[in-house]
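Enquirer: Shown below is the structure under consideration.
The values are calculated or read from the model by the stated rules, or taken from the named source; none is laboratory data. Quick caveat: nothing in here was measured; it's all calculated off a predicted structure. Here Cβ is always computed from backbone atoms with ideal geometry, including for glycine, and neighbour counts include all displayed protein chains. Quick note on the areas: whole protein, heavy atoms, side chains included, nothing else; ligands and nucleic acids left out. Shrake-Rupley method; radii C 1.70, N 1.55, O 1.52, S 1.80 Å.
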Amino acid sequence: MDAVAPLLAILLAQDMAPIPAGNLEGRPPASEASPLQARVDAAPPGARLEVGPGTYAGDLYLDRPVHLAGRGRPRLVGSGRGSVVRIRAPGVVLEGFDIDGREGGDLGRDSAGVHVAARDAVIRGCRIERALFGVYLREANGARVEGNVVVGIRAKEPGEKGSGVHVWNTDGFTLDRNEVRDARDGFYIQSSPNGVIRGNVARDLRYALHYMFSDDNVFEDNLFERSDAGAVLMYSRRIAFRRNRFLHNRGFASVGLLYKACDDVIAEDNLIADNARGVFLEGSYRDVFRRNVIAESDAAIVLYDSCGGVRFEGNAFVGNLTTLDLVGRRTDTSFDGNYWSDDRGLDLDGDGRSDAPHVLGSLFDHLRGNLSAADLLAQSVAASALAAAERSFPVLARIQAVDHAPLARPPVLPAVPVARPEDGGASAAGVAGSAGAVALGLAVLALGGRAARRGRP
């Protein structure tokens, strides 16, 4: 058994099949209804209803297209038996409310702070707490979830609660500038194409982003950090990742960015730093990694031989313990013009490329990727000695992955985002992914404190 097979099994054990939507919640009984229900029922379609400060206890059912606007942060406190707000008409706008789920409801019915089962809804500027799901989009084509904060139920185990924002069977959705913590997963997207996920923050979760059977989506300018996994993508095609940060995802089975059977995915200008494993690829084809910074991880890349046509171009690999764990007997992955901080090559002709190819990983890294026991010795003196011996006397055959024209100096990558001190886990210097030349390496190595970070639960 190879060393990373247990990782894949643990990370994906219960995620191989889609999660079906639960039974749709209907109108709450009068004993559990919000005092705002009468105003909604009396409003004509298209009406704007302003709600002033105060606490409104009970669940709210929106079955007509109204604009419900909170002024002075009114508080909607649910009955604890189901979703606090249930949107069942197209074109509903809900904004400016604090919503409390009271830690109640039923996972089997997808109880949420806001549950949407109609098209073109807008959920904006709300704070949702103590709900099983924060926002649940069920066949809610064209929905927009913007500028919300979701705080889950910290006392519950991940299996006892839902995601911060859950998207099911929804086409053409937008998730913009939301923040999620203390849920099971930050953003769970299933069978939902043509979405834009931009400027969101997800931290302290199981998976910050959990993604299945969803094609043609775009992820830009998000922060996924301090979780068991930054992003787990499965069974999807034509996804684009740009200018995201995958930071401080550490633990036995942790990874920054994982692809399982994902094809034609492009990842550009991302910062993938301080993860147990930076990038993990299994059963995926024709994916491109371009101009990313992959830094300070135990293994920069874990790559299965079930992948094909994958390309790494113009990336900066800085301060990783291992550049590549290759699992299997072959790879056609292309590495072209990347920077490797462990490359000892010289640039005597001054063309910006090392004069000799860079071989990724060592003999020990090869053993580590294919023998489970070797992983236990990854940071030992024996591992270092074996790698040094192999460089001097290369007598043992192994699969090689080679960058034939590695960059001699760190590239200037102005589009890569910078890790800020408030992201946590880094020194004040942070990971300056957009810096050039030596500044890039120095800033990345300033992360430091690896032992302290590993103390995170």
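Enquirer: Could you please let me know if Asp343 is in contact (Cβ under 8 Å) with a residue 60 or more places away in the chain, in contact with a strand residue (DSSP E or B) (Cβ under 7 Å, 6 or more places away or on another chain) and either in a strand (DSSP E or B) or open to solvent by less than 10 Å² (accessible area, probe 1.4 Å) (or both)? Show your work before the answer.
Expert: Details: in contact (Cβ under 8 Å) with a residue 60 or more places away in the chain: yes; in contact with a strand residue (DSSP E or B) (Cβ under 7 Å, 6 or more places away or on another chain): yes; either in a strand (DSSP E or B) or open to solvent by less than 10 Å² (accessible area, probe 1.4 Å) (or both): no.
No, not satisfied.
Enquirer: Something else: Examine segment 105-120 for a residue that is part of a strand (DSSP E or B), more than 19 Å from Leu36 (Cα to Cα) and open to solvent by less than 30 Å² (accessible area, probe 1.4 Å), and state whether such a residue exists.
Expert: For segment 105-120, residues part of a strand (DSSP E or B), more than 19 Å from Leu36 (Cα to Cα) and open to solvent by less than 30 Å² (accessible area, probe 1.4 Å): absent.
Enquirer: Now a separate question. What number of residues within segment 169-202 are touching an Asp or Glu at 6+ places or on another chain (Cβ under 8 Å), surrounded by fewer than 22 Cβ atoms within 10 Å (Cβ to Cβ) and outside any loop (DSSP other than H, G, I, E, B)?
Expert: Residues in segment 169-202 being touching an Asp or Glu at 6+ places or on another chain (Cβ under 8 Å), surrounded by fewer than 22 Cβ atoms within 10 Å (Cβ to Cβ) and outside any loop (DSSP other than H, G, I, E, B): 6 in total.
Enquirer: Anything in segment 148-158 that is open to solvent by less than 30 Å² (accessible area, probe 1.4 Å) and either in a loop (DSSP other than H, G, I, E, B) or within 18 Å of Asp110 (Cβ to Cβ) (or both)? List them, or say none.
Expert: Within segment 148-158, Asn148, Val150, Gly152, Ile153 meet the criteria.
Enquirer: How many of the residues making up segment 322-340 are of a type in the set (Gly, Ala, Ser) and not in a strand (DSSP E or B)?
Expert: Looking only at segment 322-340, we keep the residues that are of a type in the set (Gly, Ala, Ser), and these are 328, 334, 337.
Next cut, not in a strand (DSSP E or B) only: 328, 337.
Residues meeting the conditions: 2.
Enquirer: So Gly72 fits all but one of (1) on the phi > 0 side of the Ramachandran plot; (2) touching a residue at least 24 places away in the same chain (Cβ under 8 Å); what number is the exception?
Expert: (2)
Enquirer: If you don't mind, there's one more thing I want to ask. Residues that are under 22 Å from Gly46 (Cβ atoms) and small (Gly, Ala, Ser): does segment 154-161 have at least one? Lay out the reasoning, then the answer.
Expert: Keep residues of segment 154-161 that are under 22 Å from Gly46 (Cβ atoms), which gives none.
No, segment 154-161 contains no residue that is under 22 Å from Gly46 (Cβ atoms) and small (Gly, Ala, Ser).
Enquirer: For segment 305-321, which positions are more than 12 Å from Val279 (Cβ to Cβ), open to solvent by 20 Å² or more (accessible area, probe 1.4 Å) and either in a strand (DSSP E or B) or among the polar types (S, T, N, Q) (or both)?
Expert: Those that are more than 12 Å from Val279 (Cβ to Cβ), open to solvent by 20 Å² or more (accessible area, probe 1.4 Å) and either in a strand (DSSP E or B) or among the polar types (S, T, N, Q) (or both): Ser306, Arg311, Glu313.
Enquirer: Within segment 241-260, can one find any residue that is β-branched (Val, Ile, Thr) and surrounded by fewer than 24 Cβ atoms within 10 Å (Cβ to Cβ)? Reasoning before the result, please.
Expert: Start the filter on segment 241-260 by keeping residues that are β-branched (Val, Ile, Thr), which leaves 255.
From what is left, the residues that are surrounded by fewer than 24 Cβ atoms within 10 Å (Cβ to Cβ) are none.
No, segment 241-260 has no match at all.
Enquirer: Against the definition (in a strand (DSSP E or B), at negative phi and crowded, with 24+ Cβ neighbours inside 10 Å), how does Leu209 come out, yes or no?
Expert: Answer is yes for this residue.
Enquirer: So, one more: For segment 84-104, which positions are within 18 Å of Asp41 (Cα to Cα) and in a loop (DSSP other than H, G, I, E, B)?
Expert: Correct list: Val84, Arg88, Ala89, Pro90, Gly91, Val92.
Enquirer: When you check Val412 against the structure, is it modelled with pLDDT of 90 or more and open to solvent by 30 Å² or more (accessible area, probe 1.4 Å), yes or no?
Expert: Yes; evaluated as a whole, the condition is true for this residue.
Enquirer: Could you list all residues from segment 307-331 that are at pLDDT 95 or above and within 23 Å of Ile239 (Cα to Cα)?
Expert: Answer for segment 307-331, where residues must be at pLDDT 95 or above and within 23 Å of Ile239 (Cα to Cα): Cys307, Gly308, Gly309, Val310, Arg311, Phe312, Glu313, Gly314, Asn315, Ala316, Phe317.
Enquirer: Okay, next question. If you check Val150, Val201, Val196, which single one turns out to be under 13 Å from the mean Cα position of the chain (by Cα) and not aromatic (Phe, Trp, Tyr)?
Expert: On the way: Val150 fails: under 13 Å from the mean Cα position of the chain (by Cα); Val196 fails: under 13 Å from the mean Cα position of the chain (by Cα).
Every option except Val201 fails the conditions.
Enquirer: While we're on this one: So which residues in segment 93-105 are within 20 Å of Ala21 (Cβ to Cβ) and more than 26 Å from the chain's Cα centre (by Cα)?
Expert: Start the filter on segment 93-105 by keeping residues that are within 20 Å of Ala21 (Cβ to Cβ), which leaves 101, 104-105.
Answer for segment 93-105, where residues must be within 20 Å of Ala21 (Cβ to Cβ) and more than 26 Å from the chain's Cα centre (by Cα): Gly104, Gly105.
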